[in-house]
Amino acid sequence: MTGVISLLPEGWPGLLTPPPGTHRDPSTRTSYEPGGSCGCRDQGGRADGSYDSYNSYDPYNSYGSYGSYGSYGSYEHVSRYTAVGGYAPVAAPDALLDRIAAAGLRGRGGAGFPAAVKLRAVRDAPGVPVVVANGEEGEPGSVKDRWLLRHRPHLVLDGLRLAAAMTGAGRACVYLSDASAERAVRHALAEWPHDDGPRVDVVRTAPSYVAGEESAVVRRIDGGPALPTAKPPRPFERGVGGAPTLVANVETLARVALLHAWPDAATQVTGAHLVTLSGSHGRPALVEVAAGTRLGALAAACGHGEAAAVLLGGLFGGLHGAGWTGLPLDHEGLRAAGGALGCGALHFLRPEDCPVGVAAEATAYLAAQSARQCGVCVSGTGALSGALSAVTRGTADPDTPQKLLRWARQLPGRGACGLLDAAARITASLLDHFPGRLDEHGSRGCPRCAGPAAADGLRFSVTVP
Ligand code: SF4
């Protein structure tokens, strides 16, 4: 069972918990609040010490009925959402966009691009824009977007409505692959009149590592395969149906909705991150945490305190060993350390886990997920995966470390999407942060990871709580 944990300071509006002070009246209970009490850590709760199940989360206890979406028993109801300020009229879209810029909100899909810059680029491009809520999280170790769509569909749809208002969009889409998320979104659309915004379509795709890349999103919505295209043009220039298109991650849109409803809490709204934690020990967890939190403290708080290393960003931020516990959870700090926050998925390694084996599995997975459109991606991911797998078996040539170093430096930026970059970064980080571990394998291989590297990504995948 996966945990859902808020580590936000008291009083911060979060995505895993309702806004403070708005959930204590039992008369506001609706179908997604089955009720009950528990001994969970919590920011809210009633005077008698019991807790509303909305924020009944605990890293080590069952998440209970809140996690069982299937019966429509666990997600927000429109009346509850509007009661706490959701779907409020957009009085001044430009002022909201200025607020987003001033707050410094960055996209939460992986690149961390400033949200206001993207919104303005779409608004100012010629044509009537399209806005897309991108809920296809291709990183196997991330669950935050599917969780938001399953449990907070109105929050995401409100953010999409606000993005449409700020850009002047004439069409909106929710793009996803998760069947439970689709049911939640369609149910939310049916109970929300949304008569002050554009029509909202739901577009389903098959899950894959590249299906959520923004040009793949556009291609799929236009009826093609969910595969990346060469850029330029980028979607903000020419996207769905040729119109300027905003492809926004669902957590980004959820934070836009919070910024609209809670203007006085802009610093807290943008200063929090949803992260997915997993590893070969400790339970997986979806966590909301303040930016800047040290990774070691985060791991310790969530049952991964024995970790010896971490793979950052999903598969995009590389492996980090000695000193990783002191790294701050933010884009700048991780970039300075040669890593990347990506979509916020962190996979912890135990002392007995072999980083070479982990890198071999990650690159094998990426090679299997290559859309096979770019020759350099097919040959590059295959070469990296093959060489690392040979190291684990003790069959690598003596010059393999030099070859890996050369490829890791030459390959980034040469594919049409970030998949090849991820494979190169993992390899480079293995060489940078674990010097000597390849040589240690010598001709004997590794008793822990020898054999064909699994290409299914299961080591990194997490079940949505
Ligand atoms: S870099 Fe790889 S995954 Fe990305 S578009 Fe090219 S072939 Fe496909």
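The values are calculated or read from the model by the stated rules, or taken from the named source; none is laboratory data. Keep in mind the model is a prediction, meaning the values are calculated, not measured. Cβ sites come from the backbone with ideal geometry, for glycine too, and all protein chains shown count toward neighbours.
Please go through segment 263-317 and pick out each residue that is assigned to a loop (DSSP other than H, G, I, E, B) and aliphatic (A, V, I, L, M). Please lay out each step first, then the result.
Let us first name the residues in segment 263-317 that are assigned to a loop (DSSP other than H, G, I, E, B), namely 271, 280-284, 291-293, 302-308, 313-317.
Listed by number, the residues that qualify are ALA291, ALA307, ALA308, LEU315.
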So GLY375, is it within 16 Å of the ligand (Cβ to nearest atom) and buried (at least 24 other Cβ atoms within 10 Å of the Cβ): no
Matching option when the condition is assigned to a loop (DSSP other than H, G, I, E, B), among the hydrophobic types (A, V, I, L, M, F, W, C) and either surrounded by 15 or more Cβ atoms within 10 Å (Cβ to Cβ) or touching a Gly at 6+ places or on another chain (Cβ under 8 Å) (or both), among VAL202, VAL185, VAL210, VAL174: VAL210
Test for ARG350: is it among the charged types (D, E, K, R), in contact with a strand residue (DSSP E or B) (Cβ under 8 Å, 6 or more places away or on another chain), touching a residue at least 12 places away in the same chain (Cβ under 8 Å) and surrounded by fewer than 21 Cβ atoms within 10 Å (Cβ to Cβ): yes
Number of the condition not met by ARG409 [criteria: (1) touching a residue at least 24 places away in the same chain (Cβ under 8 Å); (2) closer than 12 Å to ILE426 by Cα; (3) in a helix (DSSP H, G or I); (4) not hydrophobic (A, V, I, L, M, F, W, C)]: (1)
Meets criteria (in a helix (DSSP H, G or I), acidic (Asp, Glu) and touching a residue at least 40 places away in the same chain (Cβ under 8 Å)) for GLU251: yes
Single unsatisfied condition, GLY418 versus (1) farther than 29 Å from GLY271 by Cα; (2) within 11 Å of the ligand (Cβ to nearest atom): (1)
Those residues of segment 370-389 which are aliphatic (A, V, I, L, M) and at positive phi, in sequence order: none
Test for ASP264: is it in contact with a helix residue (DSSP H, G or I) (Cβ under 8 Å, 6 or more places away or on another chain) and not polar (S, T, N, Q): no
Residues of segment 320-372 that turn out to be within 16 Å of the ligand (Cβ to nearest atom), in a helix (DSSP H, G or I) and touching a Phe, Trp or Tyr at 6+ places or on another chain (Cβ under 6 Å), as a count: 1
Any chance ALA455 is within 30 Å of the chain's Cα centre (by Cα), of a type in the set (A, V, I, L, M, F, W, C) and outside any helix (DSSP H, G or I): yes
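Taking the criterion of being under 20 Å from the mean Cα position of the chain (by Cα) and either surrounded by fewer than 21 Cβ atoms within 10 Å (Cβ to Cβ) or not assigned by TED's automatic domain parsing to the domain that holds ALA308 (or both), would at least one residue in segment 386-401 satisfy it?
Taking segment 386-401 and keeping what is under 20 Å from the mean Cα position of the chain (by Cα), we get none.
Among the residues of segment 386-401, not one is under 20 Å from the mean Cα position of the chain (by Cα) and either surrounded by fewer than 21 Cβ atoms within 10 Å (Cβ to Cβ) or not assigned by TED's automatic domain parsing to the domain that holds ALA308 (or both), which makes the answer no.
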